[in-house]
Every structure is written in structure tokens, then in C-alpha cells.
Amino acid sequence: MVRYAEPGVVDWVESGGGPLIAVPETVLPFWTGADGEETASDYDRACEVDGQAGLLPVGDAAALVLGDEPAATAFLPEHNAFVRWCAGEDESELLGSVPGALATAEWEPELTWQIPGALLLFDAAWPGGACESTDHVRVALDPGRYAVRAAHVRPGPETWLALVQLRPLHS
């Protein structure tokens, strides 16, 4: 894992150039990544997602594709948000701007995602069964329905980030 600050503070995941994906652990073996016998691999399907966030069926669940650009991404549990480092020199400044960015973001239309529990965030090119041997982060979430919203935010002249926030929906 790439660490830009003190070890253990924030873990960043990077891709080899394509999208990142957050796959529920329960369906991890069904994600084939760039492997596969079909004309369009799971990775190809992930690359076709328009915008910053989209859902793809995987097994009997769905995975969240973080598209748009291959930015280093961390999950901040205190905000239930994926933070994507698009531009900026300083990690502490970038992370310090997150609360204000969440409050002022102009959000894209929300998606609704049924999450069966914990997720693994990794490069969409990797098969689910191999992702634990590469750059990945485990995201512990309670099972349930979540609203997913995404936005690009420019909290400073040299700092740009993308946010993908998960908000629990109560029935």
C-alpha cells in the first residue's frame, strides 16, 4: 500500500491506470477483473462506467466502480467517504479539507446500493480472488441500503479531490 503520511493513519489505493472497484467480500470470488473468457471482461465493464461512481452486478450483489480518473483513493470511515486525491502537494492539507468539501460539494445524482457487509477496494483489473495480494483496503460497513453520492471539489487553488460518500438509508 502507498502511504503518504504516518504509517497506519490513512491507506491509499492506486490503480495501474484504470478504475478502482469496491466489491462486497461475499461476492469477491465472482469478480474476474481483466481475466475471463468472455468478449467483455469485468474490467471492461468497469471501464465503461460513466462518471465518478457506478454500480455493476457481481454475483448476487453489486460492486461500486470509482471511475472518471485513476486517482489514489482512501476510505475515511469518520465521513463514510472515499476520498480521491486528484491534485495536491500535502496529504494533511488534503485530508483537512474533507469536512468543508463534504459540506459545500455539488453532488451528482445519487445511486442506491444494497451492501451485504464489508467491501474490498482494489484495482478493477485484478480478479477478486487475487486482490488481497495487491494494493487494497478493507472497508468495514454494516449491511443495508446506502445512498451513494459523488462530487468533484476544489477546496484550494492547488488541491482537487473527488468524493464518493455512502449514507445509510433507513427504511
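Things to note:
- Taking the stretch 111-123 as the range and being more than 15 Å from the chain's Cα centre (by Cα) and either surrounded by 15 or more Cβ atoms within 10 Å (Cβ to Cβ) or of a type in the set (D, E, K, R) (or both) as the test, only Pro116 passes.
- Considering residues of the stretch 105-138 that are β-branched (Val, Ile, Thr) and modelled with pLDDT of 95 or more only, the residue nearest to Val164 (Cα to Cα): Thr112
- Residue ID - nearest to the chain's Cα centre (by Cα), chosen from residues in the stretch 54-89 that are closer than 10 Å to Leu20 by Cα and among the hydrophobic types (A, V, I, L, M, F, W, C): Leu66
- All of Glu132, Glu110, Glu93 fail the test of being closer than 24 Å to Val9 by Cα, of a type in the set (Asp, Glu) and without any contact (Cβ under 8 Å) to a residue 60 or more places away in the chain, apart from Glu132.
- Flag if Ala46 is closer than 18 Å to Ala72 by Cα, hydrophobic (A, V, I, L, M, F, W, C) and crowded, with 17+ Cβ neighbours inside 10 Å: yes
- From Ala124, Ala118, Ala151, residue being over 21 Å from Asp42 (Cα atoms) and among the small types (Gly, Ala, Ser): Ala151
- Among the candidates Phe30, Phe75, Phe82, residue that is modelled with pLDDT under 95 and crowded, with 17+ Cβ neighbours inside 10 Å: Phe30
- Every residue from the stretch 23-76 that is β-branched (Val, Ile, Thr), in contact (Cβ under 8 Å) with a residue 24 or more places away in the chain and farther than 13 Å from Phe122 by Cα: Thr26, Val27, Val49, Val58
- Verdict on Asp90 being of a type outside the set (A, V, I, L, M) and either surrounded by 13 or more Cβ atoms within 10 Å (Cβ to Cβ) or touching a Lys or Arg at 6+ places or on another chain (Cβ under 6 Å) (or both): yes
The values are calculated or read from the model by the stated rules, or taken from the named source; none is laboratory data. The model shown is predicted, which means the values in this text are computed figures rather than measured ones. Cβ coordinates were reconstructed from backbone atoms using ideal geometry, including for glycine residues, and neighbour counts include every protein chain displayed.
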